[in-house]
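One structure below.
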């Protein structure tokens, strides 16, 4: 089973990298670009075949390591 | 005072910390490898600066998973002193020993320069030899020193007198100019600036000596 985890900054947490990307896009002429926020994508191969179990285990991985829940939120996608 | 310095892969201030500890205490610090599971019998554990595990995932995140962290948490739970400098501070927030998180500097640049700090509290084992309100100069050298915590946590830190050092000219966007904080039990200090780099006039100053003198007085 394959899974994808998205880790992004929580709303309200300043994202200076996103801001710099936004400025750069504006500089390239993409004037419609407003706020930009960036994050991480983590792809995982799992030997688990039960989707519910995989999801529970991925949630634990996010809480313990993949995300720092003080500043980040995460979304799990089973594919 | 007996001390230990933890060595992670890509720690790079471990020797600075050991040299400062030996200079200040007259005793060699034990160098403890991250894969060890036990600490020697020490009063103070120092988590040094650097880029442990190449800052992979998030700075301090991988170091927090290393074997030695269990022993460090047990040492802290018993009331033992823990000092996290720079990357060490990042490891302490990742581990939950200190609240909040350290994020990318607001200006996105690595900042490497001496900074002026206000010593906010002298009521601690780490700062008792300083005067409350005194200004000291320590160097900073970090790309991710932007302290973040929610308002409730920040209010609690302020209310409980746990902000130990504040930047006078904020170099990284830290909330409320915070440069260093204590845990609730007041035995764990994390700070981004480097006191261990200012214990010898040869390397630019001596303002860090009082931090080590405080610990020696409190722990010996």
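Read the figures in this text as sums done on the coordinates, not as results from a lab. The structure presented is a predicted model; accordingly, all values stated were derived computationally and were not measured. With ideal geometry, Cβ positions are generated from the backbone for all residues, glycine too; neighbour counts draw on all protein chains shown.
Quick look at the values:
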read-out: Pairwise label distance in nanometres, residue B:158 with residue A:19, each label 7 Å out on the Cα-Cβ vector; value: 2.1
read-out: Mean shadow area of the protein assembly as shown, taken as a quarter of the surface of its Cα convex hull (nm²); value: 17.3
read-out: DSSP bridge pairs, chain B: antiparallel proportion in percent, nearest 5; value: 60
read-out: Estimated inter-spin distance, residue B:217 and residue B:78, nm [label 7 Å along Cα→Cβ]; value: 2.6
read-out: FRET efficiency estimate (nearest 0.05) - Cβ-Cβ, residue A:11 to residue B:206, R0 51 angstrom; value: 0.70
read-out: Hydrodynamic radius by Kirkwood, which averages 1/r over all alpha carbon pairs of chain B, in angstrom; value: 16.8
read-out: Acute angle (nearest 10 degrees) that the helix A:51-61 long axis makes with the longest principal axis of chain A, alpha-carbon atoms; value: 60
read-out: Order by protection proxy (mean Cβ within 10 Å, highest first), peptides A:17-28, B:115-126, B:49-60; value: B:49-60, B:115-126, A:17-28
read-out: Approximate spin-label separation residue B:31-residue B:113, in nm, with each point projected 7 Å along Cα-to-Cβ; value: 3.3
